[in-house]
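Have a look at the structure below, then the notes.
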Amino acid sequence: MWRRPCFLPPCVRAVRTVKSAVTGALPNIPSSHLSEALAAAAGFRTNAALTAAFWSPGKDPTAVPAFAFKDDLFLSRITELGHTLPSTWLGFESLARKTWVGKPYTNDRTMVARNLMVAGVASGLAQNLFTLDSRGGNLWQNEGRNGTLFHVWMPHDIPALGWVSDIGFGELSIHIACWPNGENIRNGQVGFWAGEAVSSGWLEREQGKWIMNDYRGGITLNVRRRLQKKLAECIAPTSGFSDFGTFFL
C-alpha cells in the first residue's frame, strides 16, 4: 500500500525522535521492546538490522531508502513480545499529526508544502550538510553562501533532490523537487520546470529553529494535482526544529 504516513531519513537522530514520541505514547512498554517493534514496523527483523541500515558518509544516499512505518507490523511485533496496545494508541499517522504537524497545515496542499520542506531539512541534517546553529552551521564543502545539491529521502522510492544555500542572518534557503528535472532546482525561480512537485522556503536558525511559514507568507509550492493527496500523506517528523514559525521579510 502507498499509505505509510510516518517516514524518516535513515539516521539515528530521526529514529530517536520517533522512539521518543512512541515512548511517550506507550510508557508501559520497555524501551528495548519498543526498539524491536519500531524496527519491525520499518520492515527489519531486528533493531540491529535497522541500525546497520543507517546511512553513513561514504555511502550513496540514493541507494539507502527512507524508513517508513507500518502499523500492522508494529502491532504484530508488540504482540509477539507479550504486550497489548492500549486503546489510546491510534497508529503512526495519528502520532505524527499530533506530535510534529503545526497548526498552519490544514489541507492536502499545505501538507504537501510542509512535508517536502521538512523532508529537505531532515535530510540535510542527516547528511551533515548543515546544522541548526546560526554560526558555523554550514558544513557543505564550500562554507560560503554558495549552495549545494543534496539527496532528499522520501518514502515509496519517490526521487527527490534538494538545494540549500546561505542567505545571511542565520537563514538557509531550501528548494525541494520530487521527480526532479535535472538540476534545475538549484535556480532561484523554481516551478514545474524543476520537477513534478516543487517546494521552496527558508529555515530560520538565529531567532529560533523553524521553517518560516505564517499568515504573511513562507513556503511556496507547485504540485501536480494527481500527486497532491499522495504527497500530503508523507509525514516526516521534525527534530530540533519546528515546521512553522515567523516569516521575516
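The values are calculated or read from the model by the stated rules, or taken from the named source; none is laboratory data. What you are looking at is a predicted structure, and each value in this text was computed from that prediction instead of being measured. Note that we place each Cβ from the backbone using ideal geometry, even for glycine, and neighbour counts take in every protein chain shown. Calculation scope for accessible area: heavy atoms of the full protein, side chains included, ligands and nucleic acids excluded. Shrake-Rupley method; radii C 1.70, N 1.55, O 1.52, S 1.80 Å.
A 1.4 Å probe run over the protein chains yields, for the chain, 47 Å² of accessible area per residue, whole-number rounding.
What are the GluC sites (Glu not before Pro) within the stretch 140-249 that DSSP puts in a loop, where the Cβ has at most 12 other Cβ atoms within 10 Å?
Details: sites: 143, 171, 183, 196, 204, 206, 233; in loops: 143, 183, 206, 233.
Those that pass, being in a loop and sparsely packed, are 143, 183.
In the stretch 162-208, the inverse of the mean reciprocal separation of distinct Cα atoms equals 10.9 Å; this is its Kirkwood hydrodynamic radius. Overall size of the stretch 24-78 from C-alpha positions, given as principal axis extents largest first: 39, 19, 19 Å.
In the stretch 9-142 the Cα-Cα distances spread across 5 Å bins starting at 0 as 2, 9, 17, 20, 18, 16, 11, 5, 2, 1, 0 percent of all pairs. Each part reduced to its alpha carbon centroid, the stretch 1-51 and the stretch 184-247 end up 25 Å apart. Within the straight-line cut-off of under 26 Å between alpha carbons, the lysines reachable from residue 229 are 70, 98, 103, sequence neighbours fewer than 8 places apart in one chain being disregarded.
Across the accessible surface of the chain, with the other protein chains kept in place and a 1.4 Å probe, carbon and sulfur atoms take up 51 percent.
Listed by chain and number, the aspartates and glutamates whose alpha-carbon sits under 12 Å from that of residue 19, ignoring those within fewer than 8 places in the same chain, are 36.
Spin-label model, residue 248 to residue 63: label points 7 Å out along the Cα-to-beta-carbon direction sit 4.1 nm apart.
Calculated mean residue ellipticity, 222 nm, the chain: -9500 deg cm²/dmol, from DSSP H runs (n ≥ 4) at -39500 (n - 2.57) each, averaged per residue and rounded to 500. Rounded to the nearest 10 degrees, the inclination of helix 12-25 to the longest alpha-carbon principal axis of the chain is 50 degrees. Taking trypsin sites (Lys or Arg not before Pro) in DSSP loop states with no more than 16 other Cβ atoms inside 10 Å as exposed sites, the chain has its longest site-free stretch at 60-134. Each of residue 128 and residue 19 was given a label point 7 Å from its Cα along the Cα-to-Cβ line. The distance between the two points is 2.0 nm.
Short to long, the 5 Å bins of the Cα pair-distance histogram for the chain hold 1, 7, 14, 18, 19, 16, 12, 7, 4, 1, 0 percent of all pairs. If R0 is taken as 22 Å, the Cβ-Cβ distance between residue 109 and residue 181 corresponds to a FRET efficiency of 0.55.
Volume per residue of the convex hull around the Cα atoms, evaluated for the stretch 80-158, comes out as 188 Å³. Within the assembled protein chains, the solvent-accessible surface assigned to residue 94 is about 50 Å², based on a 1.4 Å probe.
If you wrap the tightest convex hull around every Cα atom of the stretch 121-213 and split its volume per residue, you get 96 Å³.
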